Amino acid sequence: MAKSSTRYYCQQCGAQSSQWIGKCPSCGAWNSYIEEVIEKEKTTSHKKVPGTKKAQPQRISEIVFNNDQRIVLADQEFNRVVGNGLVPGGVTLIGGEPGIGKSTLLLQVAMNSHNKKFLYISGEESARQIKLRAKRIGKNNPDVYVLTETALNSIIDHIRDINPDIIIVDSIQTLYSENIESSAGSISQIRECASELQQYAKHLNIPVLLIGHITKEGQLAGPKVLEHMVDTVLHFEGDRHYGYRILRTLKNRYGSTSELGIYEMNNDGLREVANPSEILLSHRDENLSGIAIAATIEGLRPMLIETQALVSTAAYGTPQRTTTGFDTRRLNMLLAVLEKRNGFRLGVKDVFLNIAGGLTVDDPAIDMAVVASVLSSNEDKPIDKFTCFAAEVGLSGEIRSINRVDQRIKEADKLGFKRIFISKYNYQAIEPKHYDIEIIPLASINQFYDRLF
Ligand code: TYD
Ligand code: MG
């Protein structure tokens, strides 16, 4: 009989220890260590997955790979995010909160991609539930196979029988390998299953899409370890109260990490959103105070996003600062700059800031739009609705330059905006005559107010 022993794993970061500890020395989480049983003989990472051959050294010049070997799926947003298609043998992990639409996304990609054979392995839902979802999506790829199984050994047998082009696992937390004794969902199981699947995928040259759950802190549940192992890590996010969903790349061995896919959740599945600015701008007829449009860039795509501010006299002693989709500390900083450099008495006001559409923006170019919306609400003067903003605001009130300003100007121009405010340092580098839109350069926040209204 194999000798078994126990080990303690941090459920947050995957660090291990021979004893229980209250605070994880590696990630600082409290009470995160859980005991897991492992069998000594079988846990060596050199164990071979059945059916794999011993690797032989190869000259790098003799290895063939070109981009047309990538598997292109019938979903432009998805393709772009993974880097123009899946790489054979590559493992992609897709994380996201429960209910955000991970299963829908991958099932839809499968149902849309005709002429490709998919094996959809589900440990969470029954075949009927999956059928129901497929019906809702309404697309029909006859080569999508559903397997409701959680034992890895038998999954691997089925992969060999069916020989799919793409494998989808929903979710990695439900699988278990018989090589390890601990229960499904534990760190050692997740790690073992992912590593076996990965070896097998590499051997057969099949791309694998793994769905992973997320803890309430927003990390991929348990396995940071998993993020190191897999080739690509994607994050599917969005505010559940809005229809928009964003697919982001956190890591990509085969492509850019700054790409972004945008979807809208409808009654019949996810719709690809090719032109995000159009949905993110509300179509208002009258000018209202407190609204400013920022020309931001997410990934490689320019997007015009609405920022909304409400400034009002603090009802209680301590003024409130509440933000959605924007860093509260950054808002506090911008308010302090306005107070110190322009003399606006915002310290005694409640300030609420909202990025429309449920997006979270960390592009510094949104700063000037935030400042503009705060000023607009504070003065109760609307900003002309054909005006937009793209600049960072520094601590001394200077308007700083940002990257790829020409792309932002072009997008604003295309969408019919008439004026864009940018930093004077950006202005020096562009040719204003090339655009129909009026470009207003600014050096400091002092000049801003006069030009704005
Ligand atoms: P799901 O893919 O099950 O989420 P996850 O796998 O990330 O947990 O999607 C769940 C939500 O999506 C659910 O609340 C219902 C909604 N939904 C739609 O709005 N339209 C649809 O066509 C489908 C299939 C789901
Ligand atoms: Mg699901």
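A few comments on the model shown:
- Residue in the range 119-140 that is outside any helix (DSSP H, G or I), within 14 Å of ligand 2 (Cβ to nearest atom) and polar (S, T, N, Q) present: yes
- Contacts under 6 angstrom Cβ, first residue in the range 197-213 being more than 10 Å from G90 (Cβ to Cβ), partner assigned to a helix (DSSP H, G or I) and within 16 Å of ligand 2 (Cβ to nearest atom), 6 or more apart: L210/I172; I211/K102; G212/I172; H213/Q173
- Check on S396, crowded, with 20+ Cβ neighbours inside 10 Å and closer than 26 Å to N426 by Cα: no
Residue-by-condition table, conditions (1) more than 23 Å from the chain's Cα centre (by Cα); (2) touching a residue at least 12 places away in the same chain (Cβ under 8 Å); (3) away from ligand 1 (no atom under 11 Å from the Cβ); (4) not assigned by TED's automatic domain parsing to the domain that holds I246:
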{"residue": "I60", "(1), (2), (3), (4)": "yes, no, yes, yes"}
{"residue": "Q76", "(1), (2), (3), (4)": "no, yes, yes, no"}
{"residue": "G101", "(1), (2), (3), (4)": "no, yes, no, no"}
{"residue": "L105", "(1), (2), (3), (4)": "no, yes, no, no"}
{"residue": "S113", "(1), (2), (3), (4)": "no, yes, yes, no"}
{"residue": "K116", "(1), (2), (3), (4)": "yes, yes, yes, no"}
{"residue": "K135", "(1), (2), (3), (4)": "yes, no, no, no"}
{"residue": "V144", "(1), (2), (3), (4)": "yes, yes, yes, no"}
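- Pick from the range 88-109, criterion touching a Leu at 6+ places or on another chain (Cβ under 7 Å) and β-branched (V, I, T), ranking: nearest to Q76 (Cα to Cα): V109
- Against the numbered list (1) among the hydroxyl-bearing types (S, T, Y); (2) within 14 Å of ligand 1 (Cβ to nearest atom); (3) free of Cβ contacts under 8 Å to residues at least 40 places away in the same chain, S122 comes up short only at (3).
- Residue among I262, I293 that alone is among the β-branched types (V, I, T), touching a residue at least 12 places away in the same chain (Cβ under 8 Å) and not assigned by TED's automatic domain parsing to the domain that holds L415: I262
- Sole residue being in a loop (DSSP other than H, G, I, E, B), in the same structural domain as I293 (by TED's automatic domain parsing) and not aliphatic (A, V, I, L, M), chosen from D350, D406, D384: D384
- Output for the range 10-32, where each listed residue is among the polar types (S, T, N, Q) and assigned to a loop (DSSP other than H, G, I, E, B): Q11, Q12, S18, Q19, S26, N31, S32
- Some residue of the range 313-329 being modelled with pLDDT under 95, of a type in the set (A, V, I, L, M) and surrounded by 20 or more Cβ atoms within 10 Å (Cβ to Cβ): no
- Options V370, V405, V348; residue that is surrounded by fewer than 16 Cβ atoms within 10 Å (Cβ to Cβ) and either among the aliphatic types (A, V, I, L, M) or closer than 15 Å to E306 by Cα (or both): V348
- Scanning the range 330-345 for residues that are buried (at least 16 other Cβ atoms within 10 Å of the Cβ) and not in a helix (DSSP H, G or I) turns up just one, F344.
- Condition met for I168 (modelled with pLDDT of 90 or more, of a type outside the set (K, R) and touching a helix residue (DSSP H, G or I) at 6+ places or on another chain (Cβ under 6 Å)): yes
- Residues of the range 252-274 that are within 13 Å of L300 (Cα to Cα), in contact with a Lys or Arg (Cβ under 8 Å, 6 or more places away or on another chain) and surrounded by fewer than 20 Cβ atoms within 10 Å (Cβ to Cβ): T257, L260.
The values are calculated or read from the model by the stated rules, or taken from the named source; none is laboratory data. On a predicted model such as this, the values are computed, not experimentally measured, just so you know. All Cβ positions, even for glycine, are placed from backbone atoms using ideal geometry, and neighbour counts span all protein chains on display.
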